[in-house]
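Below you'll find the structure, written out as C-alpha cells, and then a few comments.
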Amino acid sequence: MSTLNVRPAQRGDIAIVAEWNAAMAWETEQKRLDPQVLLRGVTAVMDEPRRGFYLVAELDGRAAGCLMVTYEWSDWRNGDFWWIQSVYVAPEARRSGVFRAMYRDVSQRAKQAGAVGLRLYVETENVRAQNTYRDLGMEQCHYFMYEQML
C-alpha cells in the first residue's frame, strides 16, 4: 500500500515546483514559461510568506505533486479567501489521491487560520478537474475572470 504525505514546501523544493509549473502551463495552455522567471517567482513566495505558500505531496517518499495558496481579502466577509493555484500532480501519480490529499490539507489549514473560503480557477475545457472539484464539495461560481497584462 502506498503512503501519501502532504507537507509545506521547503527551499529544497523550489526547483521541482518551478519545473512542475512549467509542465502545468504547457499541459493546460501550451504556454512555454521562462524557467528563470519561474525560479524567481517560486523563490519570491518562499521569501515572503504574505504572498502565500506551497504544499508538496509525497507518494512513497517521493515528491508527487504541489499546489500554491495565495490570499484574497474580502471586505464583504471580513476575512481571507484562500486561492488554490499552480496545481500539479506528476503524471505517474495521477488518479492516486494526491490532489485530494492536498485539498484536504489546505482545507484544514484554512479552517484553522479562520479563512472564509477556498477558491480556485480551472480551464474551461478541463472537465476532469471540474468534476474532481465538485466531488470535493466545491461549487461553480457565477463570476467570470478578466485580466489585463501589464
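Read-outs throughout are calculated quantities, based only on the coordinates presented, and are distinct from any laboratory measurement. Everything quoted here is computed from the prediction, not taken from an experiment. Quick reminder, even Gly has a Cβ in these numbers, built from the backbone with ideal geometry, and neighbours come from all protein chains shown.
Tabulated results
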| item | result |
| --- | --- |
| Charge context of Thr3, other residues only, Cβ under 9 angstrom, K/R +1, D/E -1 | -2 |
| Unit charges on C-beta of K, R, D, E only; dipole of region 1-73, Debye | 120 |
| Sequence-distant residues sharing a close amide H with Ala9 (under 5 Å, placed H) | Tyr54, Leu55, Val56 |
| Kirkwood Rh, Cα atoms: Rg over Rh of region 8-85 | 1.02 |
| Distant-in-sequence amide H partners of Leu120 (H built 1.01 Å from N, under 5 Å) | Ile84 |
| Sparse-neighbourhood loop sites, trypsin sites (Lys or Arg not before Pro) in region 9-98 - DSSP loop, at most 15 other Cβ within 10 angstrom | Lys31, Arg32, Arg77, Arg94, Arg95 |
| Compactness of region 1-144 as Cα Rg over 2.2 N^0.38 Å, two decimals | 1.03 |
| Relative contact order for region 77-150, counting Cα pairs under 8 Å that sit 6 or more residues apart, in percent | 38 |
| Volume per residue that the Cα convex hull of region 38-80 spans, once the total is divided by residue count, Å³ | 98 |
| Surrounding net charge for Leu120, when Lys and Arg each add one and Asp and Glu each subtract one, Cβ distance under 13 Å | -1 |
| Table column - 3J(HN,Hα) (Hz), region 71-82, Karplus curve with 6.51, -1.76, 1.60, x for Gly and Pro | 10, 10, 6, 10, 5, 5, 10, 6, x, 8, 8, 9 |
